[in-house]
Amino acid sequence: MPLTDYSGVVERLQRGLGKGFADEPWMLNMPGRSIACKIDQYYYLAVMPGFVDKLGRLGGLFPDQVTETLVRTGNFITRAPERDPEVSLTVAWGGRPVTVKAAFVDADFIDRAVKTYGQFGSILNVSDLKISGADKAKVDEFFEGKTPPQKLAYY
């Protein structure tokens, strides 16, 4: 059984995401429309399973291959022992709060895709999407042993 070249798969996903962003800039950082929004300088909050579905289409992979690659390379934040990147969170962006299935994505993964392959001169700014302060303890527990999102990620 051959070993998977995860760094090559990550590059393939970044290339697809960057080109997809160049064609559809609303794909990122527009709460309510996007598959992922930047919540602080370290993380994007990705809507699941839409994020892995879209990334799979852009990179020519099945969604489970996308998830496995992002988990194994540390681009999805997970908690041992389950290693499941999904967490249910309440979020808002200026209006009524909504509860979504989400995953935390290392900002460098998306920022590099946008800057390197998306014909965008810089990384994206933090979006208007905020996580409910009531979910902060759940997020902190999920991030146990890792750097959690900054205070600006919450409302």
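The values are calculated or read from the model by the stated rules, or taken from the named source; none is laboratory data. Everything numeric here is computed off the predicted structure, so don't read it as measured data. Because the Cβ atoms are built from the backbone with ideal geometry, glycine has one as well, and the counts that use them run over all protein chains shown. Note: accessible area is taken over every heavy atom of the protein model, side chains too, but ligands, DNA and RNA are not part of it. Shrake-Rupley method; radii C 1.70, N 1.55, O 1.52, S 1.80 Å.
Where in the chain lies the longest segment free of GluC sites (Glu not before Pro) that are both loop residues by DSSP (not H, G, I, E, B) and have at most 13 other Cβ atoms within 10 Å?
On the way: sites that count: 82, 144.
Maximal segment without exposed cleavage sites: 1-81.
Would you mind getting me the FRET efficiency between residue 62 and residue 134? Use the beta-carbon distance for r and R0 = 30 Å, nearest 0.05.
Rounded to the nearest 0.05, the efficiency is 0.30.
Which of 69, 90, 49 sits closest to the plus end of the dipole of the chain, meaning its Cα is farthest towards the positive end, when Lys and Arg get +1 and Asp and Glu get -1 on the C-beta?
90
What are the principal axis extents of the Cα atoms in the chain, in Å, biggest first?
Its Cα atoms span 44, 36, 22 Å along the three principal axes.
Assuming 0.36 nm per residue, please report the length gained on full extension of the stretch residue 119 to residue 98 beyond their Cα-Cα distance.
The span from residue 119 to residue 98 would gain 4.3 nm if fully extended.
To the nearest 20 Debye, how big is the dipole of region 1-152 about its Cα centre, given +1 on the beta carbon of each Lys and Arg and -1 on that of each Asp and Glu?
320
In region 1-51, carbon and sulfur make up what percent of the accessible area (probe 1.4 Å)?
56
Measure out, as a whole number of angstrom, how far apart the alpha-carbon centroids of region 15-78 and region 87-124 sit.
If you average the Cα positions of each part, the centres end up 8 Å apart.
Shape verdict for region 108-149, please, from the Cα gyration tensor: rounded (a/c under 1.5), prolate (a/b greater than b/c) or oblate.
Judged from the Cα gyration tensor, region 108-149 comes out oblate (a/c at least 1.5, b/c at or above a/b).
Output needed for region 10-85: three equivalent-ellipsoid semi-axes, defined as square roots of 5 times the C-alpha gyration tensor eigenvalues, in descending order, whole Å.
Numbers: eigenvalues 75, 48, 22 Å².
Output for region 10-85: semi-axes of 19, 16, 11 Å.
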